[in-house]
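In what follows, a structure is listed as structure tokens, so that the remarks can point back to it.
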Amino acid sequence: MNLADIILLAAALGVDCMIVSFSQGLIFHCNRLKISLMLAGVMGLFQGLMPCLGYLGAGYIDAWVKPFSKLIVFSIFLILGLKFIIEAFRKDKDVLNCITLKCLIWLGLATSIDAFAAGVTLKFTGSMLLLPAFIIGLVSFWMSVKGFWFGIFFKKLPSFYLEIAGGFVLIFLALKSLGMPFITESGNISELFTFLNIA
């Protein structure tokens, strides 16, 4: 994965952090700066650590799954992308008022499960670990802060569209992982038909 792919991945993973922080920004009316930094710090920390765990864990099964690595990367990104889109249409989302350390940790875990799966894909695409993990954590921190303050100043921010966008970004990365020429290179529509064996 190149730098642009990593940034896109980080932005997609950061959507959950932004949505959760947005919901908290709607709730709190005091100590906002402190709370926003605490929340963002936990989000960024977990989002940065979980890819490392996924990456290292994937190393133990590398010999068995390496022949299928492209398919695994495609499947993970596709499933995550569809998950984002499906959840955007859910009407029964819970809003949790959470500021205790225990609650923050649970929020951090809940929003970083997808980042664990992303760490597996980093391993199978032969990407380095530390820079992507740092970027994912940093972007999640930034998006969490932004989400919290959007919740304060823009009470009607359409989180629905953020989740949809995050889902399509992950699906794009899924298609790119297969080496589709119409995504990985500058080409034209004929290359798409050639790839699909229908030209």
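No lab work stands behind these numbers, since they all come straight from the coordinates. Predicted, not measured: the structure shown is a model, and the values here were computed from it. Quick reminder, even Gly has a Cβ in these numbers, built from the backbone with ideal geometry, and neighbours come from all protein chains shown.
Please work out how much length the chain gains when fully extended from Ile105 to Lys70, using 0.36 nm per residue of separation minus the C-alpha to C-alpha distance, in nm with one decimal. Mind dumping the intermediate values first?
Values: separation 35, 0.36 × 35 = 12.60 nm, distance 3.27 nm.
Here the segment from Ile105 to Lys70 would lengthen by 9.3 nm.
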Discussion item. Taking the Cα centroid of segment 1-58 and of segment 67-90, what is the distance between the two, rounded to the nearest whole Å?
Written reply: 19
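Measure up Lys34/Lys83; Lys83/Lys123; Lys102/Lys146; Lys123/Lys176; Lys83/Lys146 against 27 Å on the Cα-Cα distance and list the ones that go over.
Details: Lys34/Lys83 32 Å; Lys83/Lys123 22 Å; Lys102/Lys146 23 Å; Lys123/Lys176 16 Å; Lys83/Lys146 23 Å.
Cα-Cα > 27 Å for Lys34/Lys83; rest within.
Full extension from Leu53 to Ile7: what is 0.36 nm times the residue separation minus their Cα-Cα distance, to one decimal in nm?
Values: separation 46, 0.36 × 46 = 16.56 nm, distance 1.93 nm.
Separation in residues times 0.36 nm, less the Cα-Cα distance, equals 14.6 nm.
If you rank Phe68, Phe153 by fewest surrounding Cβ atoms within 10 Å, what's the result? Could the numbers behind the result be given before it?
On the way: Phe68 12, Phe153 8.
Result, fewest neighbours first: Phe153, Phe68.
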